[in-house]
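Notes follow once the structure below has been shown.
The values are calculated or read from the model by the stated rules, or taken from the named source; none is laboratory data. Model, not experiment: these values are computed from the prediction. Reconstructed Cβ throughout: ideal geometry from the backbone, glycine too, with neighbour counts over all protein chains shown.
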Amino acid sequence: MKSIILIFFFLLLPMGLYSQYISGNIIDKNGQAIEYANVILFSAQDSTFINGTVSDTAGYFNIYAFGLDTSIIKISSIGYADKWLECNTEDMGVIQLIQSSYTLNDVIIKGNRPSSQLKNNALITNIENSSLSKIGTAKDVLGKIPGLFEKDGTIEVFGKGTPLIYINGKKVRNNDELNRLSSENIKNIEVITNPGAKYDASANSVIRIKTKKQLQDGFGFNISSKNQYDYYYSGRQQLELNFQKKDLELFGILSINAEKKRYTINAQQQTASDTLWNLYTNNRKCSKDRMYMGKIGFNYLLNENHAIGAYYQIEHSVQNERSLTSSHVFANGNVYDQWNSSGLSKAKGSPNEANFYYIGQFNKLNIDFNADYLRSKITNNQEQQEVSENYESRTITTSNQNNNSLFAAKAILTYPVANGEISIGEEYTNTSRTNIFQNTESILPNSNNKIKENNWGTFIDFSNQLGKVSFNLGLRYEHATSDYFVYERKQDSQSKVYDNLFPSFSISMPIGNTKLSLSYNSKIKRPGYNQLDGNTYYTNRFHYLKGNPLLKPSKQQSITALLSYKWFYFMANYQHTKNIIMYINQEVPNNPKIAFVTYENYPKSDNLTLFCSFSPSIKWWHPKLNLGLLKQWFRSEYLNETKHFNHPISLVQFHNSFTLPFQTFLQLDGSFQGKGNNQNMELNNQWKFDLNISKSFFNNRLDIIIDCKDIFDTYQFKPNLYNGNLSIKQENILDSRSYSVTVKYKFNHAKNKYKGNGAGNTEKNRL
């Protein structure tokens, strides 16, 4: 397969060599790339339209000239003056556009692009110079982007789950990276709902964040302090340093995050057998977290065609959690037992991560290479004391240690062909995870298991433009081996080999002022390493948790249609999934009252997602109304009957941005998620209102942000799960209402321009 793809690639190279096309690089006066600029080719003889294209995210364009000896090119972008150039050469070199402006009441108003625009199968939202740039962090901004919302501290794409997130092409490993990125440093955000072959086959959706670049040489810094109050105090202190001298950039980050939270989980567990068992628990927890992070790196521009860079990042986290639990057990409605328990959990983690990248251009051949290394050790020691009325009081002491390592490399070659480009790439990932579990009292079995995985993937991706129609074709092949070990002995029945092909296709076109896009892709969702973990974990006398080493990956096929017209955006997505990974109850022989919860593959599920966004601009008021509907077709067995989980989930988001005098911005947002089904769960209504006020001082050097989340303290998560003979109803009570004050001061600083894309990105999520 690898050889066939390489042969195909080199057969296409002569097409590019003998094609007559014109290329160039569009920049602004600061040398920053101007992406999505319109490039139109006219005949020099009669000025008739010949062809058109747009610049890519790096400002480059290639346009087919149809054999013309001379031609005229018009380059335009909103906010910049049009530029006309006569050309009779293939390489136009660097083309600089001048920003346009006009004066109104002594205030300079610069032209702004629309807040959101559809580009192929992606929605691009511009953040720079908007009210969202003053909201706080990247995570705060993402919650305001059409189709995105925050759920339990995680950003999700409506109907697509948790996305892969990139900052300047580098994969985001955890939410702390989003919290460390200031919203003021973000240029734009791209949401891809149906990613193609360039991305890992498990990427169901992708978010790409592009930051602003350093404006001038010298030393710069950015210091910020966020102080948050809910029931307890939490704080984040961060210092960013940056030094740039001509083609060399050095950067570093120091961050300290201290967080204290409390939450309560009320649960009702019902297990039906010959006896109807009901367990009622009230679990109150208080956690105290502290995390330290340091990062150093460099970028070096060897020349205008070659750049290298590297960074090293180290973290250390400590988490202490105390819990108090009261439980009541009923058998056929009669009191069976009652017990109280107290628990203490101490967890420590020390991940180390490094990345190296090289980006180069040889004539028209572009090379993008990344190598990643990750190593972490996480220990979690727990002690739980139980005092029961009918059973002997006991103490359960457990120790769990995870050792993770990852090495990954990724290379992409890109070459212009006709009026588009072809990319061919390879990615290799080697991952190892060792899990050592011990229980002092021998109530639970001790275990030592290890998972080693190797994943090799190759892809070919071709994009082109025929007149106003743009299209993309992609094919990705992945070969993966997963070896499972118990006490260093390989388990053949739990080890697997996978070979899969993943095709993708997209087409987009404008019809007047309306932009349309249609795409298809095939994806895979591999089980997380926690889901494959064969250890048994203790919750209480009636509830155990365990992974399943026999889990298979889920396979998905998706069709997505996108439409945009001025300030209106619409998405429709249909997804068919096989081998869904879901929670199930595994009956315990001779002890049916115990709920033994694990994971299992379920045959299939179908989902339909509809989403639309309205974002008009009314002078100083910028409202945005988002409406969504998620409908699934899913059924599962419950109490020896087929139970249908087909109730749709509705979503309503109403964002309001107000631009006030004296560099003051106000955000007032409301969101509502209606009850419905997600797999074999029933979800209840959720709603909240947020308020954000920001003001800048001293020529935007000093920012003060006041933020209130969930003003009315209403955002609670209440899932109900049904499977087999088990039902679990939960009420998670969190201190979701919080108040924070953030103070930022910056000097000659903008986000660094690190170009590393990272490798093995999906595997990092699974660790």
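Miscellaneous remarks
- Condition check for SER554: small (Gly, Ala, Ser), in the same structural domain as PHE505 (by TED's automatic domain parsing) and within 29 Å of ASN535 (Cβ to Cβ): yes
- For TYR754: the one exception among (1) hydroxyl-bearing (Ser, Thr, Tyr); (2) buried (at least 19 other Cβ atoms within 10 Å of the Cβ); (3) at pLDDT 90 or above; (4) over 28 Å from TYR544 (Cβ atoms): (3)
- Matching residues in segment 299-315 - criterion: being surrounded by fewer than 17 Cβ atoms within 10 Å (Cβ to Cβ), at pLDDT below 95 and part of a strand (DSSP E or B): TYR300, LEU302, ASN303, HIS306
- Only a single item in (1) in contact (Cβ under 8 Å) with a residue 24 or more places away in the chain; (2) of a type outside the set (A, V, I, L, M, F, W, C); (3) closer than 30 Å to LYS134 by Cβ is not met by PRO719, and it is number (3).
- Members of segment 338-348 found to be surrounded by fewer than 17 Cβ atoms within 10 Å (Cβ to Cβ) and more than 16 Å from THR398 (Cβ to Cβ), listed by number: GLN338, ASN340
- Residues (of a type outside the set (Phe, Trp, Tyr) and not in a strand (DSSP E or B)) located in segment 699-723: ASN699, ASN700, ARG701, ASP710, ILE711, ASP713, THR714, GLN716, LYS718
- Pairing each residue of segment 148-165 that is closer than 16 Å to TYR715 by Cα with any residue that is among the acidic types (Asp, Glu) and part of a strand (DSSP E or B), provided the two are 6+ apart or on different chains, yields C-beta distances under 8 Å for PHE149/GLU156; GLU150/GLU156.
- Residues that are crowded, with 17+ Cβ neighbours inside 10 Å and not aromatic (Phe, Trp, Tyr) within segment 611-635 comprise CYS612, SER613, SER615, HIS622, LYS624, ASN626, GLY628, LEU629, LEU630, LYS631, GLN632, listed in sequence order.
- Taking the criterion of being touching a Ser or Thr at 6+ places or on another chain (Cβ under 6 Å), surrounded by fewer than 18 Cβ atoms within 10 Å (Cβ to Cβ) and among the basic types (Lys, Arg), the only residue of segment 445-479 that qualifies is LYS452.
- Evaluating VAL172 against the criteria (1) touching a Leu at 6+ places or on another chain (Cβ under 7 Å); (2) at pLDDT 85 or above leaves one unmet condition, (2).
- ASN765 being surrounded by fewer than 17 Cβ atoms within 10 Å (Cβ to Cβ), modelled with pLDDT under 90 and either in contact with a helix residue (DSSP H, G or I) (Cβ under 9 Å, 6 or more places away or on another chain) or not in a strand (DSSP E or B) (or both): no
- Taken over segment 574-616, the criterion of being under 28 Å from VAL157 (Cα atoms) and outside any strand (DSSP E or B) is satisfied by SER615, PRO616.
- Only a single item in (1) under 27 Å from the mean Cα position of the chain (by Cα); (2) free of Cβ contacts under 8 Å to residues at least 40 places away in the same chain is not met by PHE459, and it is number (2).
- Residue satisfying condition, being within 22 Å of ASN352 (Cα to Cα) and surrounded by fewer than 16 Cβ atoms within 10 Å (Cβ to Cβ), within set ARG284, ARG290: ARG290
- For segment 676-707, the set of residues classified as surrounded by 15 or more Cβ atoms within 10 Å (Cβ to Cβ) and of a type in the set (D, E, K, R) consists of GLU682, LYS688, ASP690, LYS695, ASP703, ASP707, listed by residue number.
- Selection status of GLU156, at pLDDT 80 or above and in contact with a strand residue (DSSP E or B) (Cβ under 8 Å, 6 or more places away or on another chain): yes
- Any hit, segment 456-468, residues being out of contact with any Phe, Trp or Tyr (no Cβ under 8 Å at 6 or more places or on another chain), assigned by TED's automatic domain parsing to the domain that holds SER393 and under 27 Å from TYR357 (Cβ atoms): yes
- When each of ASP492, ASP461, ASP483, ASP499 is tested for being of a type in the set (Asp, Glu) and more than 30 Å from ILE451 (Cα to Cα), the lone residue that passes is ASP461.
- Taking segment 320-329 as the range and being surrounded by fewer than 17 Cβ atoms within 10 Å (Cβ to Cβ) and of a type outside the set (Lys, Arg) as the test, the residues that pass are ASN320, LEU324, SER326, HIS328.
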